[in-house]
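The values are calculated or read from the model by the stated rules, or taken from the named source; none is laboratory data. Everything numeric here is computed off the predicted structure, so don't read it as measured data. So basically every Cβ, Gly included, is an ideal-geometry build from the backbone, and we count neighbours across all protein chains shown.
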Amino acid sequence: MFCYKNTAIKKGLLAIGILFALVACTPAGKLYSGGHSQHNLLLRPQDQGSVLVAPIIGVPASKALTEAIALALIEAEIPAHTSLISNSAHKTGYTLIGIAQTTRSGQIHWRLMDARGLMVGEYQQKIRKIDQNNPPKKFIAKIATGVAKAMAPFFPGHSKPLSPPVITILGIEGAPGDGAISLRRSMGFALSKLGFKITSDLATDGAAMVLVGDVQMEKISPEFERARIAWSVLAPDGRVLGTIRQASQVRAGSLDQNWGPVAALATKAGAEGVTQLIKRSLKITPTQINQNQKKITP
């Protein structure tokens, strides 16, 4: 049976990485009322607490993307607009700044600034390569939704995620036999039962956390060997939040072909540890994950 090696993990002290600190902001302003077109809605600055979505640096289709982000924020009940008519009208508001970075995968670095010019939140969003001069509307919408999800926790009354926590299992290294496939499939099943949304598309779901596994087999006698599994969780911006380590003694050669029920046993315990790590690291409360849990039929 797989178990946690470190007793501190049993007590819930799982987080290793430095956590995001959610900074309190000034109260959000009154939401826009009906009777305005989307275009006029985005051009209308609020007196207090609204978000100015600034033109995105390094993106040719900046106008379409800024408008989509502003609308996504409004749908999340965060007042937003795309045009600053006067500095005085925006003196108590926020500014969302996006800078596209030229990398192999493509990234946009988002910063949320308050009226004093201080950064109160940031988000590193990975995007897939595409024709930036004429990007599909669906692609723009996914980027906008990802930004709104990432920025929402920095506003009062928006501490809960807009959707279940998203995670992708990137891969399992070093596992003999069918371990890479069996462990990945079993971990995805276990995490989905605990309330996570499992995704395989990091390019379009920039809010996803990443889980990677590493397996090491150690021979301890002619009859037995020790299987060690390390699960590392990465935040959406690539920072390592922490690592869960498991170890179990098995018959020598028993995992060289099929892992079978051993994979389910290992990932059930591992998924519980990963959940606790994420709760502590990203300040997600048990309620926010538990409300998405699926009932498991005996």
Confirm whether GLN293 is in contact with a Pro (Cβ under 9 Å, 6 or more places away or on another chain) and modelled with pLDDT under 85. no
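Residue by residue, here is whether (1) within 21 Å of the chain's Cα centre (by Cα); (2) of a type in the set (Asp, Glu); (3) at pLDDT 85 or above holds:
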| residue | (1), (2), (3) |
| --- | --- |
| GLU75 | yes, yes, yes |
| LEU84 | no, no, no |
| THR103 | yes, no, no |
| ILE108 | yes, no, yes |
| MET151 | yes, no, yes |
Anything in region 123-140 that is in a strand (DSSP E or B) and modelled with pLDDT of 85 or more? List them, or say none. TYR123, GLN124, GLN125
Scan region 250-273 and tell me whether some residue there is of a type in the set (Phe, Trp, Tyr), farther than 30 Å from ALA148 by Cβ and surrounded by fewer than 18 Cβ atoms within 10 Å (Cβ to Cβ). no
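Pick out the one residue from GLY195, GLY174 that is at positive phi and modelled with pLDDT of 90 or more.
It is GLY174.
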